[in-house]
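Read the structure below first, then the notes.
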Amino acid sequence: MLRSLLAFFPLALIPAAADAQAKPERPWTLLVYGGADNNADGPILDFLDDVRMAIDDDPGIELLLLLDRSEKFSNDATMLGQDFTGARLYRLRKDSATRLSGGAEMPELTLDGEDAELDTADADNVRRFIDWGKAHYPALHYGVMIYSHASGRTMCPDEESGRDMGIPELSQLLGEKQSVDFLALELCN
């Protein structure tokens, strides 16, 4: 009897371990890159409020935000819990926003101390944001939305750096590792 039990015991553990490893991933992670270190600072918050209400805490969708705000235009402390003028990461839910750390991909974005000042006109920050989202919020599918201003040739003007991101610059920098299912541009002009 004991020999039968011992022979059965290891086999009983195999499916349990396999089931734990086969846990399905979330269907979607949506990454919103908020290049709002300009006067898009106010409108992006209204836009994001509509997005999070539409998603309505769907368990199959993770909504993540990188937001760089402008000292001249940031004056809303309601949606994200406090007013700030640097860059921060958030997990957005229908009725809440949780501030997040940048991990190894964006180490300057921490939960304590001064806010980092990112140049959101630098396409490398889009790359790092996608890498961060994929590393910390794995999913079957990824979508990226870039929200800012544009001129038709450039986007994401950053008042702090005085630069704009060239649209070709973004496509030249992103590689296979940053591949996503869709890229949406919510830009003026």
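With all distinct Cα pairs included, what does the Kirkwood hydrodynamic radius of the range 64-172 come out to in Å, to one decimal, could you say? Its Kirkwood hydrodynamic radius stands at 14.8 Å. Using R0 = 35 Å, the C-beta based FRET efficiency linking Arg99 and Ser171 works out to 0.70. Net length available on complete extension from Asp49 to Asp131 is 27.1 nm, with 0.36 nm assigned per residue and the Cα-Cα distance removed. With every protein chain in place and a 1.4 angstrom probe, the accessible-area ranking of Asp50, Asp57, Asp68, largest first, reads Asp50, Asp57, Asp68. Multiplying the residue separation of Asp124 and Gln82 by 0.36 nm and removing their Cα-Cα distance gives an extension gain of 12.4 nm.
Computed with a 1.4 Å probe over protein heavy atoms only, the accessible area of His141 comes to about 70 Å².
Taking every protein chain into account, the accessible area of the range 90-189 amounts to 51 square angstrom per residue (probe 1.4 Å). For the residues Leu63, Leu183, Leu173, a 1.4 Å probe over the protein chains yields an accessible-area ranking, largest first, of Leu183, Leu173, Leu63. With a 1.4 Å probe rolled over the protein heavy atoms of all chains, the accessible area of Met155, Met145 falls in the order Met145, Met155, largest first.
The residue list Leu92, Thr120, Ala36 was ranked by how far each Cα lies along the charge dipole of the range 24-137 toward its positive end, using unit charges on Cβ atoms, and Leu92 comes out on top. For Glu25 and Ser179, calculate 0.36 nm times their separation in residues minus their Cα-Cα distance, and state this gained length in nm to one decimal. Roughly 53.7 nm would be gained on extension. Straight-line cross-link partners of Lys72 among the aspartates and glutamates, defined as a Cα under 17 Å from its Cα and at least 8 positions apart when in the same chain: Asp37, Asp41, Asp83, Asp115, Glu117, Asp119, Asp158, Glu159, Glu160.
Taking the accessible area of the range 44-189, probe 1.4 Å, and keeping the other protein chains in place, the carbon and sulfur fraction comes to 48%.
The values are calculated or read from the model by the stated rules, or taken from the named source; none is laboratory data. Because the structure is predicted, anything quoted here is derived from the model rather than measured. Reconstructed Cβ throughout: ideal geometry from the backbone, glycine too, with neighbour counts over all protein chains shown. The accessibility values were calculated without ligands, DNA or RNA, using every heavy atom of the protein model including side chains. Shrake-Rupley method; radii C 1.70, N 1.55, O 1.52, S 1.80 Å.
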